[in-house]
Amino acid sequence: MNQADVLRERRRRVEAAWSASGADRPVLIPASLPIPIDGTDQFHEFHAHPEFQYLTGVAEPGAALAWEPDAGWTLFAPSLTIEDLVWMSAPPSAEELAATTGVRRSQDRSELAGWLESQRGRDLALLGSRDIEARAPEYGIDAWSTLEAVVDEDATDRLGQALAELRRAKDALELDRMTRAVDAAVAGHLAAQGVARHGLSERALQIEMEAEFFRQGGARTAYGSIVGSGPNSAILHGTPGERVMRDGELVLIDAGAEIEGYASDVTRTFPVSAEFTGIQRDIYNVVLASQEEALAAAGPGVEYKSLHLQASTTIAQGLVDVGILNGSTEDLVAADAHALFFPHGLGHMLGLSTHDCAGYLEGRVPEDRFGLAYLRADLPLAPGYVVTIEPGIYFVPALLTDSERRERYAEMVNWEMVDRLLDFGGIRIEDDVLITDDGCEVMSAALPKSASEIEAIRRDALGASSG
Ligand code: GLY
């Protein structure tokens, strides 16, 4: 696969979509600049704007891409001063960027002011980072206001929407990057499962896992790794700390590596000791059943929301079976009783961001309903889409001790049992899933997830014998 050819084809599709949506004005797509950390002389870790990165395949701070209906694409490559080069490594030259990105007209960024000047009097669409409006000098332009550049917000929205829709289905270059990111995540999770033990801190586990991400080619974590032990496993976006895990508890790890801008996002939950306890195993198997059903059903044309609702039903039924909920699954899901224990959506689009763009079909919006409010995708699936499928069951004390909810769900919930499980924590199982022509492929399938497979890994890790 020639990277520049794939990127040219990607931009050709974008041009076609923009032309079809009536694009008749220049488009500027700045990559973004490093963001200063308030009150210091440091910067946040740099993230290129995903629209720029999608269109160029690279993430150069301070670069910009431009498009004109007649003239096509121009890339403006940042250059650094001698003073900058004392502190920072040199960015690729315009010629090097032309070779990597396939944008033949690749120029030094000092040409950007002239390009903008030549557009004077025409409205622009401004995609990518809008930091250029406030930080023009850092892009080598005197001031945005002196350019008399008028941003056409309608065109910006329309072209941004067309671009987001194209970004849903991943091409071969994206899938190559995502596959490597998922493989690194799988290796990191296996490393963590191999070292976790009574007395180890969440932080120590994070270190072992993330070291493996980096050894496998990860450039950084795709998001702040979530490592929660015991009750902390119920904190959906909990950050690892010095808490020490204990035999009898669960550990939940939700973490992924990022490679060339692309994220992986994988979750497993396992026991600190070699085996799940009875109730842990029962609840684990409910989550696993709901996940496997969703994987079996996922494929082109399937509505992501219907997968979420199916998983909600399975979780409700499982919670009835273990004695936590009472009633028919239909009534429980209609009342959102399951959401007391499954308070998030089934998953999201994955790509250049962990929660990648365009999860909602145009015209659809998140529903203002407890059981659906955090659903991050509502669209029919199609080949090439990469989504996560990540049901879970949690005992979140803040939700489960709330008097208003306890009253509302007085009949549907066995509150005595819930009170005994308030420090249970949570279980989530998450895979990264590529939709194919006739179903789906689980990209993270190499990471075992049945209770017995996980126990075998844990027994090995702890040097424990079975039974
Ligand atoms: N895995 C982190 C998230 O989806 O928010």
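Relative to the Cα centre, what is the charge dipole magnitude of the chain, using +1 at the beta carbon of each Lys and Arg, -1 at the beta carbon of each Asp and Glu, and rounding to the nearest 20 debye? Show your work: numbers first, answer last.
Details: 39 positive and 75 negative charges, 117 e Å.
Charge dipole, the chain, about its Cα centre: 560 debye, nearest 20.
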Anything in the chain that counts as a DSSP H helix reaching 15 Å or more along its axis (C-alpha) with Kyte-Doolittle mean of at least -1.0? List them, would you?
153-168, 172-195, 202-215, 278-297, 304-321, 451-462
Only helical DSSP H runs with n ≥ 4 go in: add -39500 (n - 2.57) per run for the chain, normalise by residue count and round the 222 nm mean residue ellipticity to 500 deg cm²/dmol.
-11500 deg cm²/dmol
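Roughly to the nearest percent, how much of the accessible area of the chain is carbon and sulfur, given a 1.4 Å probe?
Numbers: 9710 of 19170 Å².
For the chain, the apolar C and S fraction of the accessible surface comes to 51 percent.
Over segment 335-437, with the other protein chains present, what is the accessible area per residue in square angstrom, probe 1.4 angstrom?
Roughly 37 Å² per residue, with all protein chains present.
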For segment 349-384, which trypsin sites (Lys or Arg not before Pro) pass both filters: DSSP loop (anything but H, G, I, E, B) and at most 13 other C-beta atoms within 10 Å?
ARG364, ARG369
Give the residue from ALA263, ILE279, ILE253 lying farthest towards the positive end of the charge dipole for segment 246-300; charges sit on Cβ (+1 for Lys and Arg, -1 for Asp and Glu) and the dipole is referred to the Cα centre.
ILE279
Testing the spin-label approximation: label points 7 Å from Cα along Cα→Cβ at LEU309 and SER79. State their distance in nm.
5.9 nm
Residues with beta-carbon under 13 Å from that of SER306, excluding SER306: net charge, scoring Lys, Arg +1 and Asp, Glu -1?
-2
Quick one: check the C-alpha center-to-center distance for segment 413-438 versus segment 117-163, whole angstrom.
45 Å
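Taking only protein heavy atoms and a 1.4 Å probe, what accessible area per residue, in Å², does segment 83-169 have with all protein chains in place?
Working: 4570 Å² over 87 residues.
Here the per-residue accessible area is 53 Å².
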Whole-Å distance, taken between Cα centres, linking segment 67-111 and segment 314-345
55 Å
Counting only GluC sites (Glu not before Pro) that sit in a DSSP loop (anything but H, G, I, E, B) with at most 15 other Cβ atoms within 10 Å, what is the longest stretch of the chain containing none of them?
243-361
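The values are calculated or read from the model by the stated rules, or taken from the named source; none is laboratory data. Just so it is clear, the structure is predicted and the values come from calculations on it, not from any experiment. Quick reminder, even Gly has a Cβ in these numbers, built from the backbone with ideal geometry, and neighbours come from all protein chains shown. Heads up: the accessible areas ignore ligands, DNA and RNA and are worked out on the full protein's heavy atoms, side chains in. Shrake-Rupley method; radii C 1.70, N 1.55, O 1.52, S 1.80 Å.
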